[in-house]
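Since the structure comes first, as structure tokens, the remarks are kept for the end.
The values are calculated or read from the model by the stated rules, or taken from the named source; none is laboratory data. Because the structure is a prediction, the values reported are computed rather than measured. Quick reminder, even Gly has a Cβ in these numbers, built from the backbone with ideal geometry, and neighbours come from all protein chains shown.
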Amino acid sequence: MTDTATYRAGVPTCRDGMSGGENFPVSTPEDVDRLVELLAEPEVYTASLQAAEGMAVMDAHVQDGYGYLEYYGLDRSAVSVGDPDSPAVESETEFPAGAGVPLERFRKALVEFVTTGGELPTAVEWRLG
């Protein structure tokens, strides 16, 4: 998949008791930095990075200093493999224990995902679904 359509991040939030969210384009390393910073804030939930229909989707979550990824491609799905001590995450996307990766690798994987048009990133290991 080499289409370079811009991905958008949909990020649900609950601030001051009010449900809301942010939606913004993610196509550069700087955009990914903005996303990672937002995900690390309290009351911010699993982001979904989506582009045009028929392109891969990536769900991303930050919790307890770990980044969690779930990839949905046209022909496969996969969840990140990380630190065995990373806890499971209960969210819209159920991330299993052991799926949390260090935030720098998480960031690299997201940059790779959005700059390759949705290819499965090589910056982290994956367990195919």
Test: residue in region 57-75 that is polar (S, T, N, Q), within 22 Å of T6 (Cβ to Cβ) and touching a residue at least 24 places away in the same chain (Cβ under 8 Å): no
Residue that is out of contact with any strand residue (DSSP E or B) (no Cβ under 9 Å at 6 or more places or on another chain) and either more than 18 Å from E119 (Cβ to Cβ) or not acidic (D, E) (or both), where the choices are E30, E43: E30
Sole residue being surrounded by fewer than 18 Cβ atoms within 10 Å (Cβ to Cβ), acidic (D, E) and either assigned to a loop (DSSP other than H, G, I, E, B) or at pLDDT 95 or above (or both), chosen from E119, E70: E119
Scan of region 53-77 for residues that are hydrophobic (A, V, I, L, M, F, W, C) and under 11 Å from V124 (Cα atoms), ordered by number: L69
Scan of region 94-114 for residues that are in a loop (DSSP other than H, G, I, E, B) and surrounded by fewer than 24 Cβ atoms within 10 Å (Cβ to Cβ), ordered by number: E94, P96, A97, G98
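Pick from E41, E37, E30: which is closer than 20 Å to A123 by Cβ, more than 13 Å from the chain's Cα centre (by Cα) and either in contact (Cβ under 8 Å) with a residue 12 or more places away in the chain or not in a strand (DSSP E or B) (or both)?
Details: E41 fails: closer than 20 Å to A123 by Cβ; E37 fails: more than 13 Å from the chain's Cα centre (by Cα).
Result of the check over E41, E37, E30: E30.
Please find, among V79, V32, V57, V89, the residue that is more than 18 Å from G129 (Cα to Cα) and not charged (D, E, K, R).
Values: V79 fails: more than 18 Å from G129 (Cα to Cα); V57 fails: more than 18 Å from G129 (Cα to Cα); V89 fails: more than 18 Å from G129 (Cα to Cα).
None of the others qualify; the one that does is V32.
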